[in-house]
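Scroll down for the structure; my scribbles are underneath it.
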Amino acid sequence: MKGEKENIIPIDIVEEMKTAYIDYSMSVIVSRALPDVRDGLKPVHRRVLYGMLELGVTYNKAYKKSARIVGEVLGKYHPHGDASVYDTMVRMAQNWSLRYPLVDGQGNFGSMDGDSPAAMRYTEARLKKITDEMVADINKKAVDFQPNFDDSLEEPTVFPAKIPNLLVNGSSGIAVGMATNMPPHNLTEIINGTIAYIENNDISIEELMNYIKAPDFPTGGIIYGTSGIRSAFMTGKGKIVIRAKLSIEALKNGREQIVITEIPYQVNKASMIEKTAQLIQEKVIEGITEVRDESDRDGLRIVYELRKDAIAQIVVNKLYKYTQLQTQFVVNNVALVKGRPQTLHLKDLIKNYIEHRHDVIIRRTKFDLEESQKKAHILEGYIIALDHLDQVITLIRSSSDTEQAKIGLMNTFQLSEIQSKSILEMRLQRLTGLERNKIEKEYEEIKKIIQNLQEILGSFSIQMSVIKNELIELREKFGDERRSVIEPNAEEFDEEDMIENNQMVITISHQGYTKRTSLAEYKIQGRGGIGTKSASTKEEDFTEHLLVANNLDYLFIFTSKGRMFSIKAYKIPESSKNSQGRAIQNIIPIEESDKVRNVINVRNLDNIEFIESHYIVLCTTNGIIKKTLLKEFCKFRTGWINAITINENDELLDVQLTNGNNEIVLASRDGQAIRFHEKEVRSMGRTAMGVIGMQFKNEEDTLIGMVCVTDPKTELLVVSEQGYGKRSAIESYRITHRNGQGVKTLDVTEKTGKLVAIKEVSPTDELMIINKSGIAIRMLLNKIRITGRIAQGVRLIKLYEGDAIASVEKIQTLDAPLPSDNEYVGTENIELEVHEGTENTTES
């Protein structure tokens, strides 16, 4: 009141906040977020189960409405929001959340898609049979009780927990300054490991792992690798990789599909499918044409249908990498031990559980002994009364009231008050001879029970045997097989391990369609044959670039704007030789106005000696040449880099890989060629413009090719537009300096057409020629005779009217003897129908 002296106590706000926050954090840790190591339950879980027990909804009783159960728990034990209680009960009923559910739910209790359960007024629940083992002996003073929130009732501080619940069901929660995330395990394995600990308390964690292999998740899946398991068991912390269980099925149309039957623990199925579809749309994951969820009441089934050219195992690896088909369960075994949070390894968890069960056994046995002794005491009184039946009846009849009769019995027969009271309450039918025998037999049995209980209390080994026998009974009742498969020696998956390093033909068309085809698809034909259909393209499109590379080779793709892209050969989609292929813009980020000029394959970029002794030599259509150390092109893996600076009205023509001691031959469209040593061109940086390599007599003339001579005894092959070609010895081209006009290499006429290709060859090489209509012929070079430098040569391929040669490439047959003539395929000229190709569309 006004005028009275105020009582103000000064408080340091820092200390007050520190104290208040510590109190709050400990309340969250102990009373909300962390499980008790003994029964594996948090207070809300324990209250829900105890409330259901008190309500009588055990496994052998009828279901009750969830709203009725929630109200019971709220009103008696957990005065918080009804949502927290209902959500807790729902989770304990979900067989994809708990390995061994503790609540038997009836109705809609949610789904793996993250669907919410029905409202509590619509669902019903009762306890599971296994939960009876959690609460068994709770009324035998086996555990401590504490007052509820308003001191009107008592609730257990812990359950007796015959089931090692923390280990078999795990737990998760976020406290203040700490968290817990404990995985579930298989009950059979946990019981086997616990029994092993009982038999040998000095057992090591490594020996326990012989019994407990790994966590066992309710949704199954594959545990990928054992290092995380070992870390979790040894330290209580670790990362366990979980993968979905899948299979690859072949379809009737020749395609394949990936079928998922189990997904990792705690993954939302619907969200995972949605995310996967988004990644497919963004082209992060390629090769999938359709995603379907075919799950039903019989089980989970997710189907990923693949494109015909997709490699299933590579798609699977992409799914593991980018989606929740592979997840990590981060183990953090934090639980309350005597009210204090501790991080526990596997042996600690088992030890604390056994200590709890030992305490329960002793307290339960003391209770049973006390009750048995009480019963034996009463039976002893019955027997004394029956031995003196006439006197007892006379005494009772002569007594004025019950109190006098009770005192008379106590004084006359030296009975206790309890015995006297029990005799007075005895029914007359128990005075018969038959009932007397029953009493005596019951007394003998109770004495044996007392003796047995006293033996249990007097022997630690017998107490351990009781725990062991009860665990064996539980294993027989509830034990089952593992759901999660273990891959013990798993390492990080490398998709290249799944790729056979076969020889492939890589082609890129004039309009930018590329594909990878097995070299075996191309048959060897004799010179002058019609050839076989190589690619279905539009009439105006044709195959322009062709090379042979192993699947694991690096491909350096150079474009007319002087850019270079790097990609592994196997990442080029594989197709048959008759297919159109795929737009190269879908594989590398090349601009539509840019054009591929050449592709060089390099086996191993990690070979330092190789990349520091080899060069990339580039030439342009205007006769410019440049040489750069290969090492300068090995410093990136994605995107593109500048390989050369291009002048206006010029573009990159060709690129070759050299060893620094090669000779260079440049050839022009008018049939001129110049030969000079590579050392004539000094090494330059990637962005340099280069120097003049060849001068032209005619301003309209341009370079058509470049050869880097590797052998002084080699031969040069030249091919003209109209299908004429010849081999000439390299010695017929004299060595000069760069920046000259060169000498004639082909007598260009209307019959031969302009020069289109120049190649370095040997007699054991094979030749692949492709014309603008898509026809290809493969032949051995020894079928083309050697002629003089200026000769017209011989016809290599018959052309239809209006057709012309588009691309020429040689194929070396390594470590294989030269086949005889009768081993060639297709030596006769077979007329093949030329089909018009498909529309030139970009595949997404």
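The values are calculated or read from the model by the stated rules, or taken from the named source; none is laboratory data. Everything numeric in this text was worked out from a predicted model, so none of it was measured. Counting neighbours? That spans all protein chains shown, and the Cβs are built from the backbone with ideal geometry, glycine included. Note: accessible area is taken over every heavy atom of the protein model, side chains too, but ligands, DNA and RNA are not part of it. Shrake-Rupley method; radii C 1.70, N 1.55, O 1.52, S 1.80 Å.
Does Ile222 qualify as being touching a residue at least 24 places away in the same chain (Cβ under 8 Å), β-branched (Val, Ile, Thr) and either crowded, with 22+ Cβ neighbours inside 10 Å or more than 30 Å from Leu300 (Cβ to Cβ) (or both)?
In short, no.
Mind counting the residues in region 611-629 that are without any contact (Cβ under 8 Å) to a residue 40 or more places away in the chain and among the β-branched types (Val, Ile, Thr)?
Number satisfying all stated conditions: 1.
Report yes if some residue within region 306-320 is at pLDDT 95 or above, part of a strand (DSSP E or B) and under 20 Å from the mean Cα position of the chain (by Cα); otherwise report no.
Checked region 306-320: no residue is at pLDDT 95 or above, part of a strand (DSSP E or B) and under 20 Å from the mean Cα position of the chain (by Cα).
May I ask you to say which residue of Glu833, Glu809 is assigned to a strand (DSSP E or B), modelled with pLDDT under 80 and not hydrophobic (A, V, I, L, M, F, W, C)?
Glu809
Is there a residue being surrounded by 14 or more Cβ atoms within 10 Å (Cβ to Cβ), without any contact (Cβ under 8 Å) to a residue 60 or more places away in the chain, farther than 20 Å from Val143 by Cβ and out of contact with any Gly (no Cβ under 7 Å at 6 or more places or on another chain) anywhere in region 355-378?
Yes, region 355-378 has at least one match.
Considering only strands (runs of 3 or more DSSP E) fully contained in region 592-653, which possess at least 2 residues that are modelled with pLDDT of 85 or more and either β-branched (Val, Ile, Thr) or buried (at least 22 other Cβ atoms within 10 Å of the Cβ) (or both)?
Where strands (runs of 3 or more DSSP E) fall fully within region 592-653 and carry at least 2 residues being modelled with pLDDT of 85 or more and either β-branched (Val, Ile, Thr) or buried (at least 22 other Cβ atoms within 10 Å of the Cβ) (or both), they are 596-602, 615-620, 624-629.
Report, by residue number, each residue of region 776-806 that is among the aliphatic types (A, V, I, L, M) and part of a loop (DSSP other than H, G, I, E, B).
Ile784, Ile790, Ala791, Leu796, Ile797, Leu799, Ala804
Which members of region 690-732 meet the condition of being among the aliphatic types (A, V, I, L, M), surrounded by fewer than 19 Cβ atoms within 10 Å (Cβ to Cβ) and modelled with pLDDT of 90 or more?
Val691, Ile692
With the requirement that a residue be over 9 Å from Val37 (Cβ atoms) and not in a helix (DSSP H, G or I), what does region 340-357 give you?
Of everything in region 340-357, those that are over 9 Å from Val37 (Cβ atoms) and not in a helix (DSSP H, G or I) turn out to be Arg340, Pro341, Thr343, His345.
Looking only at strands (runs of 3 or more DSSP E) that fall completely inside region 235-299, which ones have 2 or more residues that are out of contact with any Cys (no Cβ under 7 Å at 6 or more places or on another chain), closer than 23 Å to Gly110 by Cβ and open to solvent by 20 Å² or more (accessible area, probe 1.4 Å)?
256-262, 288-293
Across region 178-187, what is the total count of residues that are in contact with a helix residue (DSSP H, G or I) (Cβ under 6 Å, 6 or more places away or on another chain) and either open to solvent by 20 Å² or more (accessible area, probe 1.4 Å) or part of a loop (DSSP other than H, G, I, E, B) (or both)?
2
Please find, within region 385-444, the residue that is least open to solvent (accessible area, probe 1.4 Å) out of those that are basic (Lys, Arg) and in a helix (DSSP H, G or I).
The qualifying residue least open to solvent (accessible area, probe 1.4 Å) is Lys406.
In contact with a helix residue (DSSP H, G or I) (Cβ under 9 Å, 6 or more places away or on another chain) and of a type in the set (Asp, Glu): which single residue out of Glu651, Glu680, Glu612 fits that description?
When all the criteria are applied, what remains is Glu612.
Limited to region 657-678, what total is found for residues that are modelled with pLDDT under 90, within 30 Å of Asp606 (Cα to Cα) and open to solvent by 40 Å² or more (accessible area, probe 1.4 Å)?
Residues flagged as modelled with pLDDT under 90, within 30 Å of Asp606 (Cα to Cα) and open to solvent by 40 Å² or more (accessible area, probe 1.4 Å) within region 657-678 amount to 3.
Could you please give the count of residues in region 73-82 that are under 26 Å from Ser111 (Cα atoms) and part of a helix (DSSP H, G or I)?
So the count comes out to 3.
Answer with yes or no whether Lys338 is open to solvent by 40 Å² or more (accessible area, probe 1.4 Å) and within 30 Å of Ile174 (Cβ to Cβ).
yes
Just give me the residues in region 555-584 being over 19 Å from Glu521 (Cβ atoms) and of a type in the set (Gly, Ala, Ser), in sequence order.
Ser560, Gly562, Ser566, Ala583 - these are the residues of region 555-584 that are over 19 Å from Glu521 (Cβ atoms) and of a type in the set (Gly, Ala, Ser).
Scan region 567-592 for residues that are among the basic types (Lys, Arg), under 17 Å from Phe556 (Cα atoms) and either touching a strand residue (DSSP E or B) at 6+ places or on another chain (Cβ under 7 Å) or in contact (Cβ under 8 Å) with a residue 60 or more places away in the chain (or both) and jot them down.
Residue satisfying the conditions is Lys568 alone.
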